[in-house]
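In what follows, a structure is listed as structure tokens, so that the remarks can point back to it.
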Amino acid sequence: MSSKIKFHLDHTMIRVINLEKSLDFYVRIMGMKILRKNEYPDGRFTNVFIGYGPENITTTIEITNNWDTEKPYDKGEAYGHIAFNVENVSAAMEYLEAEGVTIKSPAKPMNHGTRMLGFVFDPDGYIIELNEPLNS
């Protein structure tokens, strides 16, 4: 099927319990930038958009913090992971481990392939995949 409409992935949204801890992980440790932050007192939540480049040009993550939520969110069976490209997965995993990030699966070739992958958990237990860029 051919479409004349072009689509671009804009953002992925996750809900977090501790906004400061999540921003520390994604901004300080993973090197993303805060692109915008909006507080909605009437709705009792904060939205923060983070990314590696400007919105509407690069894909971003929307972090939503509902102020009155105290228990961790159920991730559900449908959630997979958020993936980040990194030139050297092994070195990145060593860095993340030194920063106190919980490792889910150490750097290793992917099952049935050769591309290096590693998996960690963010502060809210979301799975983060690190992978090498595809060779084009």
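The values are calculated or read from the model by the stated rules, or taken from the named source; none is laboratory data. All values derive from a computational prediction rather than experimental measurement. Heads up, the Cβs are rebuilt from the backbone with ideal geometry, glycines too, and the neighbour counts pull from every protein chain shown.
Summary of computed values
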{"quantity": "Count - residues of region 100-136 that are under 13 Å from ALA83 (Cβ atoms) and out of contact with any strand residue (DSSP E or B) (no Cβ under 9 Å at 6 or more places or on another chain)", "calculated": "0"}
{"quantity": "Segments classed as strands (runs of 3 or more DSSP E), wholly inside region 53-127, with at least 2 members that are closer than 27 Å to ARG36 by Cα", "calculated": "60-66, 82-85, 116-121"}
{"quantity": "Residues of region 18-60 that turn out to be modelled with pLDDT under 95 and either aliphatic (A, V, I, L, M) or in contact with a Pro (Cβ under 7 Å, 6 or more places away or on another chain) (or both), as a count", "calculated": "1"}
{"quantity": "Search result, residues across region 20-57 that are of a type in the set (Val, Ile, Thr) and either exposed (fewer than 12 other Cβ atoms within 10 Å of the Cβ) or farther than 18 Å from LEU130 by Cβ (or both)", "calculated": "ILE34, THR46, VAL48, ILE57"}
